[in-house]
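Novice: Would you mind keeping the following structure in view while I ask a few things?
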Amino acid sequence: MADSFYEWHQEGMERKPHRIQMKNQTLMIMAGVWDVWYKGDYAIKSFSIITTPSNDDMSIISPRMPLIFDTKEKQEKWLSDISLTEVLDMLTNVDNDLLDIYKVSDIVNSIKYNSMDLHTAI
């Protein structure tokens, strides 16, 4: 779950950052998988966000995007015991007109900078 994510779009010789959030300003629920492996007593925890080909909103800046669940029904389906066919259907049938996308400052490229102005549209 996140309020937004960043994606970079190639514009000429430069990569420009964009902030992506839900149009309705709700939290973004994204599909993921997780696992824990053990090496002796040491636990290795892993998590990955599942990506899918971009919907119409995202296709202007990236060929891929996180798989976003915009309804409780889709969230529950993902967490249920579904077939591979149903999983693949969820991965390839992504809704459009969900996202608000805008450019943000290049300062987002610095991990040293952590401020709300990273969300300011430019």
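Novice: What's log10 of I(q)/I(0) for the chain at q = 0.09, 0.13, 0.15, 0.21 Å⁻¹, Debye sum over Cα points only, no solvent?
Specialist: Values, matching the q order: -0.32, -0.64, -0.81, -1.23.
Novice: Could you report the accessible area of VAL87 in Å², rounded to 10, computed with a 1.4 Å probe on the protein chains as they sit in the structure?
Specialist: For VAL87, the solvent-accessible surface is approximately 40 Å².
Novice: Enumerate the amide H contacts of ASP100 below 5 Å, restricted to partners 5 or more residues apart or on another chain; note that Pro and chain-start residues carry no placed amide H.
Specialist: So ASP100 has HN proximity to GLN21, MET22, LYS23.
Novice: Using a 1.4 angstrom probe on the protein heavy atoms only, could you order TRP8, TRP37 from most to least accessible area?
Specialist: Greatest to least solvent exposure: TRP37, TRP8.
Novice: Let's test the formula: R0 of 41 Å, r as the Cβ-Cβ distance of TYR42 and SER83. What FRET efficiency results, to the nearest 0.05?
Specialist: My answer for the efficiency is 0.75.
Novice: Let me ask you something else. What 222 nm value per residue comes from the helices of the chain, counting each DSSP H run with n ≥ 4 as -39,500 (n - 2.57) and dividing by all residues, nearest 500 deg cm²/dmol?
Specialist: Only helices count here, giving -4000 deg cm²/dmol.
Novice: For the cross-link pairs LYS16/LYS112; LYS23/LYS72; LYS16/LYS74; LYS23/LYS74, which exceed 25 Å when the distance is taken from alpha carbon to alpha carbon?
Specialist: Result: LYS16/LYS74 exceed 25 Å.
Novice: Given a 10 angstrom Cα cut-off, can you work out which residue in GLY12, GLY32, GLY40 is the most mobile in a GNM of the chain?
Specialist: GLY40
Novice: Can I ask one more? Could you give the length gained on full extension between THR26 and ASN93, defined as 0.36 nm per residue of separation minus the Cα-Cα distance, in nm?
Specialist: Once the chain is fully extended between THR26 and ASN93, it gains 22.0 nm.
Novice: Pick from PRO63, PRO53, PRO17: which residue has the top mean-square fluctuation in a GNM of the chain where Cα pairs under 10 Å get a spring?
Specialist: Of the options given, PRO63 has the highest mean-square fluctuation.
Novice: Rounded to the nearest whole Å², what accessible area per residue is found for the range 7-119 with the 1.4 Å probe?
Specialist: Roughly 69 Å² per residue, with all protein chains present.
Novice: Further, regarding this structure: Largest first, what is the accessible-area ranking of LYS23, LYS72, LYS45, LYS16 with a 1.4 Å probe?
Specialist: Sorted by accessible area, descending: LYS45, LYS72, LYS23, LYS16.
Novice: Let me ask something else. Hey, any idea what % of the chain's accessible area is carbon plus sulfur with a 1.4 Å probe?
Specialist: Using a 1.4 Å probe with all protein chains present, the chain comes out at 55 percent carbon and sulfur.
Novice: If you don't mind, there's one more thing I want to ask. Would you please classify the overall shape of the range 1-46 from the alpha carbon gyration tensor, given that a ≥ b ≥ c denote the square roots of the eigenvalues, rounded means a/c under 1.5, and beyond that prolate means a/b larger than b/c while oblate covers the rest?
Specialist: Oblate, because a/c is 1.5 or more while a/b does not exceed b/c.
Novice: Still on this structure, please answer the following. Distance between the C-alpha centers of the range 73-105 and the range 1-54? Whole Å please.
Specialist: Cα centres, the range 73-105 to the range 1-54: 13 Å.
Novice: Now a separate question. For GLU7, tell me the accessible area in Å² from a 1.4 Å probe, rounded to the nearest 10.
Specialist: Per-residue accessible area (GLU7): approximately 30 Å².
Novice: Specify the residue with the greatest mean-square fluctuation among ASP100, ASP35, ASP56, computed from a Gaussian network of the chain linking alpha-carbon atoms under 10 Å apart.
Specialist: ASP35
Novice: Using alpha-carbon pairs under 8 Å, 6+ residues apart, how would you state the relative contact order of the chain in percent?
Specialist: 26 percent
The values are calculated or read from the model by the stated rules, or taken from the named source; none is laboratory data. Computed from a predicted structure; not experimentally measured. We place every Cβ from the backbone using ideal geometry, glycine too, and count neighbours over all the protein chains shown. Note: accessible area is taken over every heavy atom of the protein model, side chains too, but ligands, DNA and RNA are not part of it. Shrake-Rupley method; radii C 1.70, N 1.55, O 1.52, S 1.80 Å.
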